[in-house]
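The structure appears right after this line, and notes come after that.
The values are calculated or read from the model by the stated rules, or taken from the named source; none is laboratory data. This is a predicted model, so every value here is computed, not measured. Cβ: placed from backbone, ideal geometry, glycine included. Neighbour counts: every protein chain shown.
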Amino acid sequence: MSRILLIIISSILMQHKIAAQSKWGIENYNYLGLPGASAIVPVMHFETAGKLYGELRYNYEAEQTVTVLGGRSFKKEGDLSLRITPLAGFSAGTFTGITVAVHTEMEWKNFYFSSQTQQSIGTKKISDGFFFSWSELGYTVREHFFAGAAMQYTSRKGEKDLEPGIVAGLNFKSFSFPCYLFKPFQPGTHIVLGINYEWSSRKRARS
């Protein structure tokens, strides 16, 4: 555990050094009402001025698992803005393996769409590979309030789990507070609470 904490602290210090010419963020998600899921899932990411992207996360693929991902963002600005970030990396811990992923973000007027899709392949017998996708379609109702629909999909060892949900949240300067309710009308209803912070040396297009 001390080794994992050292990795996380080193990543934070590195991000502070490059903040003058890039942007970085810290996200933390708390799972409530889902047996077997990690209660706290921290995610840290940074992007350089040259669009190189890195991400460090813990408890995301599995409990007590550190994942490091790297890639590059490709962006198109305009009335319809689009950002696509292909990534590759590895995990170590309860799940050990490699991951290829794609992050997608789109914005049009007050609408937004985001998706994180990944295929993880275990490199140990005890680490089962899986496919996972998290998608979100929302609308900025007011300057500081947004709401929409969300969905999680997981496929592991032939078992598929589709979790539809809703999201609502608040934006305040560089902070965002999303709240997700998955499977609201089905068995296994659970809540995910997020506290996110993003800093950029450039003016942000949206809170």
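Checked against the criterion of being basic (Lys, Arg) and exposed (fewer than 15 other Cβ atoms within 10 Å of the Cβ), region 119-128 contains one or more residues that satisfy it.
Within region 154-162, identify whether any single residue is within 21 Å of Glu47 (Cα to Cα) and either under 16 Å from the mean Cα position of the chain (by Cα) or surrounded by 14 or more Cβ atoms within 10 Å (Cβ to Cβ) (or both), and answer yes or no. No, there is no match, as no residue in region 154-162 is within 21 Å of Glu47 (Cα to Cα) and either under 16 Å from the mean Cα position of the chain (by Cα) or surrounded by 14 or more Cβ atoms within 10 Å (Cβ to Cβ) (or both). For region 129-140, taking the residues that are more than 23 Å from Pro178 (Cβ to Cβ) and surrounded by 15 or more Cβ atoms within 10 Å (Cβ to Cβ), the one that is modelled with the highest pLDDT is identified as Phe130. Contact annotation: residue pairs with Cβ atoms under 6 Å, 6 or more positions apart or on different chains, pairing a residue in region 123-144 that is closer than 12 Å to Thr99 by Cα with a partner that is surrounded by 13 or more Cβ atoms within 10 Å (Cβ to Cβ) and not β-branched (Val, Ile, Thr), are Thr123/Gly97; Gly129/Ser120; Gly129/Gly122; Phe130/Ser120; Phe130/Arg156; Phe131/Gln119; Phe131/Ser155; Phe132/Gln118. Looking across region 130-142 at every residue that is more than 20 Å from Glu55 (Cα to Cα) and not β-branched (Val, Ile, Thr), the one that is farthest from the chain's Cα centre (by Cα) is identified as Arg142.
In region 158-181, the qualifying residues are those that are free of Cβ contacts under 8 Å to residues at least 12 places away in the same chain and in contact with a strand residue (DSSP E or B) (Cβ under 9 Å, 6 or more places away or on another chain), and the one that is farthest from Gly129 (Cα to Cα) is Leu162.
Scanning region 121-143 for residues that are over 16 Å from Phe90 (Cα atoms) and either β-branched (Val, Ile, Thr) or touching an Asp or Glu at 6+ places or on another chain (Cβ under 6 Å) (or both) returns Thr140, Val141. With respect to the conditions (1) modelled with pLDDT under 95; (2) of a type outside the set (Ser, Thr, Tyr); (3) under 12 Å from the mean Cα position of the chain (by Cα), Gln118 falls short on a single one, namely (1). Taken over region 61-75, the criterion of being within 20 Å of Glu105 (Cα to Cα) and modelled with pLDDT under 95 is satisfied by Lys75 alone.
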